[in-house]
Each structure stands twice: as structure tokens, then as C-alpha cells.
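**Student:** Quick one: the structure is below, questions incoming.
The values are calculated or read from the model by the stated rules, or taken from the named source; none is laboratory data. The structure displayed is predicted, hence computed values, not measured ones. Here the Cβ positions follow ideal geometry from the backbone for every residue, glycine too, while neighbour counts run over all protein chains shown. Only protein heavy atoms, including side chains, enter the accessible area calculation; ligands, DNA and RNA are left aside. Shrake-Rupley method; radii C 1.70, N 1.55, O 1.52, S 1.80 Å.
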Amino acid sequence: MRIVVLAGGIGGARFLQGVRAFAAAGGHHVTAVVNTGDDVTLHGVRICPDLDSVMYTLGGGADPERGWGRAGETWAVRDELAAYGADPSWFGLGDRDLATHLVRTRMLAAGYPLSAVTEALCARWQPGVTLLPATDDRMETHVVATVEGEPGPRALHFQEWWVRYHAEPAAERFVFVDAESATPAAGVLDAIEAADLVLVAPSNPVVSIGPILAVPGIRDAVRSAAAPVVGASPIIGGAPVRGMADRCLRTIGVEVSAAGVGRLYGAAGADGLLDGWLVDKRDADTEVPGVRVLARPLLMTDEAETAAIVADAATLGRADG
Ligand code: GDP
Ligand code: CA
């Protein structure tokens, strides 16, 4: 079976560990289509937080406590930059991590597309899945928000809103800058078309899955795929398991619940994406019109449990209604 997973960073990476374990047991192949809306250039280097979270996590190089960045990280460069007063200082640029960004930036400058750069980086990390950026084109998620002390709203890069301001400035809207002119990275549409199962990771629906689907062609490919599409809710009991997805959902006027996110994705038969929707036991009363809903424990406590979640997603995908 060929499995395609739409994924963001940390939640996506943890889910993908389970997908990989499930796939290994069944001899399946996995392609991850990863959000690039968080990508940002700081201190002259190109940073792809979600691709790196997935690559480091699947490659065994992620910091397990922080959930992002490298294990055994040191921060000499960050401290030296701060000593120069070189802005910005709010982004945690680790020494080990920086090597990844240097290799990436040099390859991009030499003309390689991000997908080729990602493949080259993965030659080291051997993530065990095919990692594809949603697009090779530059697109960035911005947030229109009013920062405290400022006279009115302005567009901030998502990373600045999220990391520097902890998503506190009230957001008016999200803008996927240059998404409309982006094209899916090489291999993305083919993978979706050839898939036997498409999974939507329990990633942030607004700023992780949203930008992937905003790349023209990807949403249509998922909708017209022959494969069943099954998602897992990042919202359990009315709150995100971790992070600030609730702030993002409120901004776009979506109820912070498993049902709210399920309806946001919508039913495959009615202009939406989903054939199946996994929710936590606590949300067992969830109804999404036109979508098969299965309630089961949805905390990704370890790889084996996450693989069991994925196995249930696969079963839900096969069910005939
Ligand atoms: P980011 O790009 O690093 O923010 O990561 P993602 O967008 O891929 O994932 C963030 C989402 O993962 C958050 O909205 C969390 O609620 C969700 N999440 C994290 N851990 C779990 C878990 O154990 N179970 C479920 N269902 N969702 C989780
Ligand atoms: Ca992210």
C-alpha cells in the first residue's frame, strides 16, 4: 500500500513515527507532504521548521523534550549573534541545527529546488519515508495582528507571531503569501494520485495543513484521489493537545473541537476532503456530516500507540460506510 500523509511539524512528526511503524509491519511505502508556510530566512539562512522537525524526529536526531531542534544542541552562535545585537534574537537557532540551514541555503543559492535539498539532507537522516515539501516555491504564512503598544494591525511572519509573541496578539487573519502562484513540489501530485490511503496528521489545521492545501492543485488532488482520506483530530476535549491551535481556529471562526476541525476539512462527498475522521474517546459524540467518525484514544503517547492509531485510520479508510 502507498500511504501519503499531510503533515506539519511536531504533531506531524510524531504521527509519522507511528505511520512508519505501521508501514514497516505491512510493507507499505510512506510519502509525507510537509508544510512550508513556516519557512523563514533569518541571519541569512533559510529555515524550514516543519521539514526539519519531521526529518530530525524520524532520523533520531530530535530533542525529545523540546520536540523541535537537535538533541545535544548548543547555543554558541545564538549567544554570539546576541552579543553583536544582531536581530532577531527570539528565534532559537542552535549550533547543530545551523549546519542544516547552511547546507540548505547554499544548495538553494546554487539553484536546487527545496525538494532536492530535502532529499540531500535526508541522505544523512534516513527518515524511512519520502519527505516532500508541499511546494518548492517560496510561500510564507503571515498573520495580521496588532502587537501590544502598536497603533494598529500589521502583517507579521507566522514565526514572529508564534515564537516571539506566543500567538498572543489578537490575530485578524492569516495570509499565505505567494501561495496562489506556488505549484506543488515535484512528486506531490503523483504521490497523492497513486496513493492507496491519504492521512491528514493531527497537525494544526489552520497553519500546518491549511498552507499545504492552499498550494493550487493539492486540495483538488486529495479530493479527486481514488484513495480514502482519513484525518486525526489535533483537538481533544475542546483543546489542542499542545500548542496554540485554539488561537488559530478562533481567528478563522472555527469551533475549537474535534467536530469543528472535522467540519472545516469537510466530507469528501460534499466539496471537502474526508472519508474518515478519528477523534478521541472524549469526543465520541462528534458528528461530521458525510464522514465516518471513529472514537478511540488519540494521545500519541509512544510509537506503538501511534502505530495503533494509524492502523485504526487505515481500517476506517477501508470501511464501506
Ligand atoms: P507544529 O508545526 O510543530 O506546530 O506541529 P503540527 O502542526 O504538526 O502539530 C501541532 C498539533 O499537534 C497541535 O495542534 C496539537 O494539538 C497536536 N498534537 C500534539 N500531540 C498530539 C497527540 O498526542 N494527539 C493528538 N491527537 N494531537 C496531538
Ligand atoms: Ca509548524
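**Student:** Calculate what fraction, in whole %, of the accessible area of the stretch 41-88 sits on carbon and sulfur atoms when a 1.4 Å probe is rolled over the protein chains. Don't jump to the answer; show the numbers that get you there.
**Tutor:** Numbers: 1200 of 2240 Å².
With neighbouring chains kept in place, the figure for the stretch 41-88 is 54 percent.
**Student:** Enter the accessible area of Arg263 (Å², nearest 10), with the probe set to 1.4 Å and all protein chains included.
**Tutor:** Ignoring ligands and nucleic acids, Arg263 comes out at about 140 Å².
**Student:** Sort 206-217, 30-41 for me by packing, meaning the mean count of neighbouring Cβ atoms within 10 Å per residue, highest on top. Could you put the intermediate results ahead of the total?
**Tutor:** Numbers: 206-217: 23.5, 30-41: 25.9.
Highest to lowest by the protection proxy: 30-41, 206-217.
**Student:** On the accessible surface of the stretch 221-267, probed at 1.4 Å, how many percent belong to carbon and sulfur atoms? Display every interim value, and only then the final one.
**Tutor:** On the way: 850 of 1790 Å².
C and S atoms contribute 48 percent here.
**Student:** If you take the Cα Rg of the chain and divide it by 2.2 N^0.38 Å, with N the number of residues, what do you get? Show your work: numbers first, answer last.
**Tutor:** Numbers: Rg = 18.8 Å, N = 321, 2.2 N^0.38 = 19.7 Å.
Against the empirical 2.2 N^0.38 Å value, I get 0.95 for the chain.
**Student:** I've got another one for you. Apply the Debye scattering formula to the stretch 28-97, with a single equal point scatterer on each alpha-carbon and no solvent, then give log10 I(q)/I(0) at q = 0.20, 0.23, 0.25, 0.27 Å⁻¹.
**Tutor:** Result of the Debye calculation: -0.90, -1.10, -1.20, -1.29.
**Student:** Lys/Arg Cβ at +1, Asp/Glu Cβ at -1, dipole of the chain taken about the Cα centre: which of Trp90, Thr141, Ala214 is farthest positive-ward?
**Tutor:** Ala214
**Student:** Please list, ordered by chain and number, the residues whose modelled amide H lies under 5 Å from the amide H of Leu42; skip anything fewer than 5 residues away on the same chain.
**Tutor:** Amide H neighbours of Leu42, under 5 Å, 5+ apart: Ile47.
**Student:** Here is a further query. What number comes out for accessible area per residue over the chain if the probe is 1.4 Å? Units Å², please. Don't jump to the answer; show the numbers that get you there.
**Tutor:** On the way: 13540 Å² over 321 residues.
I get 42 Å² per residue for this part.
**Student:** Given a Förster radius of 25 Å and the C-beta distance between Ala110 and Val77 as r, what FRET efficiency does 1/(1 + (r/R0)^6) yield to the nearest 0.05?
**Tutor:** Efficiency for this residue pair is about 0.65.
**Student:** Hey, what's the per residue convex hull volume over the C-alpha atoms of the stretch 1-151, in cubic angstrom?
**Tutor:** On the way: hull volume 20.3 nm³, N = 151.
Enclosed volume per residue, from the Cα hull, is 134 Å³.
**Student:** Output the Kirkwood hydrodynamic radius of the stretch 136-271, Cα pairs only, in Å rounded to one decimal.
**Tutor:** Numbers: mean 1/r = 0.0624 Å⁻¹.
That comes to 16.0 Å for the stretch 136-271.
**Student:** Determine the dipole magnitude for the chain: charges of +1 sit on the beta-carbon of Lys and Arg, -1 on that of Asp and Glu, nothing else is charged, the reference point is the Cα centre, and the result goes in debye to the nearest 20.
**Tutor:** Working: 26 positive and 40 negative charges, 72 e Å.
With Lys and Arg at +1 and Asp and Glu at -1, about 340 debye.
**Student:** Using only Cα atoms, figure out Rg for the stretch 246-321 and give it as a multiple of 2.2 N^0.38 Å. All intermediate terms of the calculation are to be shown ahead of the outcome.
**Tutor:** Details: Rg = 12.9 Å, N = 76, 2.2 N^0.38 = 11.4 Å.
In units of the globular-protein estimate, the stretch 246-321 measures up at 1.13.
**Student:** Shifting gears a bit: Rank Asp196, Asp137, Asp285 by mean-square fluctuation in a GNM of the chain with C-alpha springs under 10 angstrom and give only the top-ranked residue.
**Tutor:** Of Asp196, Asp137, Asp285, the most mobile in the Gaussian network model is Asp285.
**Student:** Given Cα positions, please report Rg to Rh for the stretch 66-120, the hydrodynamic radius being the Kirkwood one. Display every interim value, and only then the final one.
**Tutor:** Working: Rg = 13.1 Å, Rh = 12.5 Å.
Looking at the stretch 66-120, the ratio lands at 1.04.
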